[in-house]
Amino acid sequence: MRIGDYKENYAADEAVFVTPTSRFWLGVLFVLLALFPFMAGEYLLYMANITGIAIVAALGLNILTGATGQISLGHAAFVGIGAYTSAVLTNRFGLPLLLCLPLAGLVSAFFGVLVGAPSMRMKGLYLCITTLAAQVIFEFFFVHWESLTGGIRGLNVASPSIFGLDVGSEFGFYWVTLVVVILAATMSRNIFRTRVGRAFIAIRDRDISAELMGINLFRYKLYAFAVSSFLAGVAGCLWVNHLKSITPEHFPLHESIRYLAMIIVGGLGNILGAIYGAIFMTLIPEVLAAALKFFEVYFPQAMSYLYPLQAIVFGFLIVLFLVFEPHGLAEMWCRVKAYFRL
């Protein structure tokens, strides 16, 4: 039997902080995040930025798949829609980053609702195939609508600025990414605390029973697609303004699978799980690559055999999580907190 903290009333369920200790450690985390860019080098700031962008995208998919139970294999396409929307708004209309962020999210949410419309009559593998088809269709437009997307050459954007202050450097963009991550996590947390979030979970657990309780399945499924795609679009806007360029190669099918792996490894339906999973899936490949460079110094002749091991070890780690900890990294953290009474 699983053990942990059980909530006995709605006030406890809606509380932001479960215990005073959690409030304290969250404050410590904010202090560390504020100090990090002053102590980190350019590479660590780069990794922090792409990790933050992955967290925003994973939070969106976690609402759709983890909380509502609607499997999506097209999440990278919605990130791409947000990225191209931001690039077009910046290049053709000269809109600043602060306007591009919500507009990119809204455009992506619009297409997310269109893709989610068949969800009333489809679920499970059938809906999964529908989102896969959407991924392929959007990839086709990314490549062939050259007048808008630049085709395979892609698009370049100018260095972003906020109120005249350039934030194109890794240091400057870190603060933009950090604020967006905090807002996205807060938004996700607040959704789970509302009637909408409870409806999502009811649909995931037993959709027929949810409908008998008066929950409009079609409406709330579209809500889930809209919110998920909105966060994906915001992540895409961050992506293109961080890299300052965009091509269709940034949003292939395996990127959608990577986002799905993030929320599975982290823990489905758990906000912290999406964050942990995004960190794991972004940083572990870099750690493995660094380990291979270490071995390259001592075994240069064996590198042709060792480089494929990076993907093999990475895949093996994911399988280990699925077999031995199906509830993900979030569940492991809950056990650590329970053991040390944090």
(request) Might you let me know whether segment 84-94 holds any residue that is over 20 Å from Gly197 (Cα atoms), of a type outside the set (S, T, N, Q) and surrounded by 22 or more Cβ atoms within 10 Å (Cβ to Cβ)? (result) yes
(request) Please list, ordered by first then second residue, the pairs with beta carbon atoms under 7 Å, 6 or more apart or interchain, first in segment 177-192 and within 19 Å of Leu44 (Cα to Cα), second not hydrophobic (A, V, I, L, M, F, W, C). (result) Thr177/Asn49; Thr177/Gly52; Leu178/Gly52; Val181/Gly52
(request) Using the structure shown, decide if Leu165 is in contact (Cβ under 8 Å) with a residue 24 or more places away in the chain and among the hydrophobic types (A, V, I, L, M, F, W, C). (result) no
(request) Report the residue count in segment 306-326 for those that are touching a Phe, Trp or Tyr at 6+ places or on another chain (Cβ under 9 Å) and not aliphatic (A, V, I, L, M). (result) 1
(message) All but one of (1) crowded, with 17+ Cβ neighbours inside 10 Å; (2) among the charged types (D, E, K, R); (3) within 21 Å of Leu61 (Cβ to Cβ) hold for Asp205; state the number of the condition that does not hold.
(response) (1)
(message) I'd like the full set of residues that are surrounded by fewer than 20 Cβ atoms within 10 Å (Cβ to Cβ) and among the β-branched types (Val, Ile, Thr), limited to segment 140-166.
(response) Val143, Ile152, Ile162
(message) Checking the condition under 16 Å from Thr247 (Cα atoms), touching a Phe, Trp or Tyr at 6+ places or on another chain (Cβ under 6 Å) and in contact (Cβ under 8 Å) with a residue 40 or more places away in the chain, which residue from Ala158, Ala109, Ala77, Ala87 passes?
(response) Ala77
(message) For a quick check of your reading: which helices (runs of 4 or more DSSP H) sit entirely within segment 210-327 and have at least 1 residues that are among the basic types (Lys, Arg)?
(response) 217-243, 253-266, 271-298
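Throughout, read-outs are computed from the coordinates displayed, never taken from laboratory work. Worth saying up front: this structure is predicted, and the values here are computed from it rather than measured. Counting neighbours? That spans all protein chains shown, and the Cβs are built from the backbone with ideal geometry, glycine included.
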